[in-house]
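> Here it is, the structure in full.
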Amino acid sequence: MRALVDTHCHLGHHFDLGVEDQLARARAAGVRVLVDVGTDVASSRAAVVNAQAQPDVWAAVGLHPNDAGTASESVLAELDALAGEPRVVAVGETGLDRYRDTATPAEQDRAFRAQIAIARRHDLAVVVHCRDAWDACVRVLEEEGMSGPDARVVLHCYSGDVATTVRTVANGWFHSFAGNVTFTNAAPLREVAALVPDELLLTETDAPYLTPHPHRGSTNDPSFVGLTLALLADVRGAHPDDLADIVLANTRRAFALPG
Ligand SMILES: [Zn+2]
């Protein structure tokens, strides 16, 4: 069975299933690598615990832009400490969100830049959440020197338009597609998904959110990531097994995984 990858899930957010149940389902579906992503200090700490207990789980530690107003010095210091833990491969999710206004643009900008600095200090990838803020997101990442071959930036739940994608591809950033690319109304996003070069393509679930078609309406879990991979293979005219190999190799590079 081909090896699948879920570069972005929230194992502690699932409404019904515990971590072991989600992992059992994922493993049965062929998922071999999962990144459990924190959105605040508590969920980041839980992600580290999961990653240190499970051989196929890795952790990202960060503060979601919707919670950027809580980015006190002590919160940032706690994230900095967690970033130094074994099996932490990224800082995030961090970024900018102009769709929700639970944190001001200034708070989001400050927390985003602070987390990029933590990632640099620990030589980790940055997992970026960007919603309705692409120009600002690209600008912050460029200003913080995150362009080029050494910068490991993962654009989670990628939703940029064609013009944005020209810039994100030129910067060498990874584009991680989630279940929303399978939605019946997502033709523009599928067009973008066909444009991203092989070497910058990743897959994720963002579970328990964004359940892919045809399970939309039920709770998402990492076992569904194969549906997104199959859709991406279809729009790109690739064989799913070949694309799975490419995504696995990209994941190892993006998060500097061993092996
Ligand atoms: Zn997420």
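> Quick check on the exposure proxy: order W134, W173 from fewest to most C-beta atoms within 10 angstrom.
Fewest to most other Cβ atoms nearby, the residues stand as W134, W173.
> Arranged by the count of other C-beta atoms within 10 angstrom, fewest first, what order do Y158, Y99, Y209 take?
In order of increasing Cβ crowding within 10 Å: Y99, Y209, Y158.
> Name the residue farthest towards the positive end of the dipole of the chain from the options V89, Y99, V192, assuming +1 on Cβ of Lys and Arg, -1 on Cβ of Asp and Glu, about the Cα centre.
V192
> Give me the percent relative contact order of the chain, please, defined on Cα pairs under 8 angstrom at least 6 residues apart.
Relative contact order here is 20 percent.
> Summing Lys, Arg as +1 and Asp, Glu as -1, what charge do residues with Cβ under 11 Å from the Cβ of P55 carry, P55 excluded?
Net local charge, P55 excluded: +2.
> Fewest Cβ neighbours within 10 Å first, please rank V154, V61 accordingly.
Lowest count first: V154, V61.
> Can you tell me the relative contact order of the range 108-159? Whole percent, Cα pairs under 8 Å, sequence separation 6 or more.
For the range 108-159, the relative contact order is 45 percent.
> Let's see if you can work this out: charge +1 on each Lys and Arg Cβ, -1 on each Asp and Glu Cβ, no other charges. What is the dipole magnitude of the chain about its Cα centre, in debye to the nearest 20?
For the chain, the charge dipole is close to 300 debye.
> Using every pair of alpha-carbon atoms in the range 1-136, split the distances into 10 Å bins beginning at 0 and state the percent of pairs per bin, rounded to integers.
With a bin width of 10 Å, the distribution comes to 14, 42, 31, 12, 1.
> When only C-alpha pairs under 8 Å and at least 6 residues apart count, what is the relative contact order of the range 1-124, in percent?
Value for the range 1-124: 21 percent.
> Which of rounded, prolate or oblate describes the chain when judged by the alpha-carbon gyration tensor and an a/c cut-off of 1.5?
Because its axes are fairly even, with a/c under 1.5, the chain counts as rounded.
> Residue separation times 0.36 nm, minus the C-alpha to C-alpha distance between V162 and A249: what's the value?
So the chain would gain 28.8 nm between V162 and A249.
A short reminder: the numbers here are calculations on the coordinates, not readings from a lab. Remember, predicted model here, so these are calculated numbers, not experimental data. Please note: Cβ atoms are built from the backbone with ideal geometry, for glycine as well, and neighbour counts cover all protein chains shown.
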